[in-house]
1. Check A14 against each of (1) in a loop (DSSP other than H, G, I, E, B); (2) modelled with pLDDT of 80 or more; (3) not β-branched (V, I, T) and name the one condition it does not meet.
2. Of all strands (runs of 3 or more DSSP E) completely enclosed by the stretch 17-92, which ones contain at least 1 residues that are at pLDDT below 85 and either touching a Lys or Arg at 6+ places or on another chain (Cβ under 8 Å) or hydrophobic (A, V, I, L, M, F, W, C) (or both)?
3. Look at Y69 and say whether it is out of contact with any strand residue (DSSP E or B) (no Cβ under 8 Å at 6 or more places or on another chain) and hydroxyl-bearing (S, T, Y).
4. Search the stretch 77-95 for residues that are over 19 Å from R33 (Cβ atoms) and pair each with any residue that is not in a strand (DSSP E or B) when their beta-carbon atoms are under 7 Å apart and the residues are at least 6 apart or on different chains.
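The values are calculated or read from the model by the stated rules, or taken from the named source; none is laboratory data. Source: prediction; values computed, not measured. Cβ placement follows ideal geometry from the backbone for every residue including glycine, while neighbour counts extend to all protein chains displayed.
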Amino acid sequence: MREICLPIPVGIDAELAEVEVKIGNKNLKIQFRLESFPWDIEDQEEDVKDGITDNLMKIYKLKKTIADYDKDWELIQIFTPADNARYIQILFRKK
């Protein structure tokens, strides 16, 4: 088993959480970063607004955000945003 999931309480406005894990005699320090990114597409032209186009634009924007993110961090989880959310939370782990 490569990974285990542990519920760790992290505030929604937290930027960095460090977790120390002891495996055998080794201590590992793992850094996580929870960030919020804009999830709205207000700059989209009014005549092309519909549900499918909105969703595709959001996905494209999210994909670009992840692709442009600091390469020292790897994507761990994308949290499901609430309906009509203006931000989406993404969890990264330092490589």
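1. With respect to (1) in a loop (DSSP other than H, G, I, E, B); (2) modelled with pLDDT of 80 or more; (3) not β-branched (V, I, T), A14 is out only on (2).
2. Numbers: elements: 17-23, 26-38, 73-78.
Correct list: 17-23, 26-38.
3. Working: out of contact with any strand residue (DSSP E or B) (no Cβ under 8 Å at 6 or more places or on another chain): no; hydroxyl-bearing (S, T, Y): yes.
No: the conditions fail for Y69.
4. Short answer, once both residue conditions are applied: A85/W39; R86/W39; R86/D40.
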